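Beneath this line is the structure, given in structure tokens, with notes to follow.
Each value in this text was obtained by applying a stated rule to the coordinates, not by laboratory testing. Keep in mind that what you see is a predicted model, and the values were worked out from it rather than measured. Note that we place each Cβ from the backbone using ideal geometry, even for glycine, and neighbour counts take in every protein chain shown.
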Amino acid sequence: MNKVFKVGLIGCGHIAETYFRAHKYFNNFKIIKCADILDSASKKCALKYGIENLTVNEILKDKEIEIILNLTIPKAHYEVAKKALLHNKHVYSEKPMAINLKDGKELLKIAKKRKLYIGNAPDTFLGGGNQKSKELLEKNVIGKIKLGNAIFAFPGVQSYHPSPEPWFAKKEGGPVIDMGPYYLTALVNLLGPAKEVSGSLMRGVKKRVIGIGPNKGKKFKVHCPTTYLSTIVFENKTIIRLTLSFDVIAHQRNHIEFYGKNGSMIVPDPNMFGGSVYICNKLGQPWKEHKTGKMSLGKINIRTKSLRANESPINANYRGAGLAEMAYCIEKRKKHRCSGELSLHVLDIIQSTMRASKTGKKQKITTTCKIPKRFIEKDIKKILN
Ligand SMILES: NC(=O)c1ccc[n+]([C@@H]2O[C@H](COP(=O)([O-])OP(=O)(O)OC[C@H]3O[C@@H](n4cnc5c(N)ncnc54)[C@H](O)[C@@H]3O)[C@@H](O)[C@H]2O)c1
């Protein structure tokens, strides 16, 4: 039996319910108390889930809490994670780790010094889709990867998020900070660290309209570029073209494509846990499908239709897996997969992509990280109910 870690949640917004649902799947953490800068938000959350409502200061000082789950907005991730570490709590934050590299480095330094774990979403790369791709790449089914491309593009969160303004803010807004973590983490998990990036950008419409919630119909200003086109060179020499945009009405290719010496691979949407991997080894031959629906973190688990972009009855969603895996590693004193080093490297690529696109100058990636080990079924089963 695993130890069940007592988790204190800070940031009781939109995504919090996904982590409460994770109690159903994982056996080693329990969110027992919550707090928010808005007392009304944490009160509502405490009432809904039958847990204790505290202030942010109280939860940080609470002796029972072992891990702080930081589900605040990106701009607040650094400040909240830092406070958690300084109060000797392990911390697991939603993506991105921080909104600039300097802050991310400081968090890692504090965690190291205090021998605390720091973990970060996204954990979707632990899911069946990315892990099946990794298994096939380890079997060398398409040979050495030379090139690849990926695109995430949609009209923006304003249609389904009741408070979308932070996604369009000057410093922390835009699609690279928001969606980049999914694509870049998946790419680093499969290809290894990146070494250089170049890019260009586009500014979309200047004002957007909130599509849901109490402020439905309200117009707000866009303060950041909303489309980035980048070229990333990895340490293993693979070149990936990555487009991230909030200015596209629809497209049909949220997946990643790799082009190798002996074939091509389609890696399913990295914002999801499941999805089939496809391989084609010869032009004109049919693509071979590798299903993930029988894998522990690939099985469909949500049947109801949801308004949320990352939840649908055709895709597995096991958000919280990274937190559970980190808790397991704390107990066993092992290296966790959704690690601070990995998220710091991803943050470096994010910041470098934005800078390269803004200045028109290639940027060197100054950090690196170890590629997480494949998350095999035997290990996944240890944290599942
Ligand atoms: N909404 C999604 O579908 C989704 C999916 C995956 C990841 N995420 C990530 O999860 C995080 C939260 O997203 P969300 O959609 O739940 O946002 P949200 O705006 O709905 O909720 C954030 C909550 O954090 C609180 N907060 C802000 N600053 C704080 C601070 N300094 N101290 C304490 N509380 C603070 C806010 O009051 C709010 O209740 C973001 O990093 C986002 O990128 C969201």
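Quick notes on this structure:
- Comparing A153, V56, H255 along the charge dipole axis of the chain, the residue lying farthest to the positive side is H255, per the Cβ-charge model.
- Calculated FRET efficiency for the pair T368/K24, C-beta based, R₀ 41 Å, to 0.05: 0.65
- Separation between Cα centres of segment 236-283 and segment 49-122, rounded to whole Å: 32
- Over segment 234-385, the Kirkwood radius and the radius of gyration, each from Cα atoms, give a ratio Rg/Rh of 0.98.
- S200/K146 FRET efficiency (R0 22 Å; Cβ-Cβ; nearest 0.05): 0.45
- Inter-label distance, S159 to H14: 1.3 nm, where each label sits 7 Å from its Cα along the C-beta direction.
- For the residue pairs K332/K382; K237/K288; K63/K83; K134/K334; K3/K335; K89/K112, the alpha carbons lie more than 19 Å apart in K237/K288; K134/K334.
- Karplus-based coupling profile of segment 375-385, in residue order and whole Hz: 8, 7, 3, 4, 6, 4, 4, 5, 9, 8, 5, with θ = phi - 60° in 6.51 cos²θ - 1.76 cosθ + 1.60 and x standing for Gly or Pro.
- The alpha-carbon of K291 sits under 18 angstrom from the alpha-carbons of these aspartates and glutamates, leaving out residues fewer than 8 places away in its chain: E135, E138, E257, D269, E377.
- Table column - 3J(HN,Hα) (Hz), segment 188-201, Karplus curve with 6.51, -1.76, 1.60, x for Gly and Pro: 5, 4, 9, 10, x, x, 9, 10, 7, 9, 10, x, 9, 9
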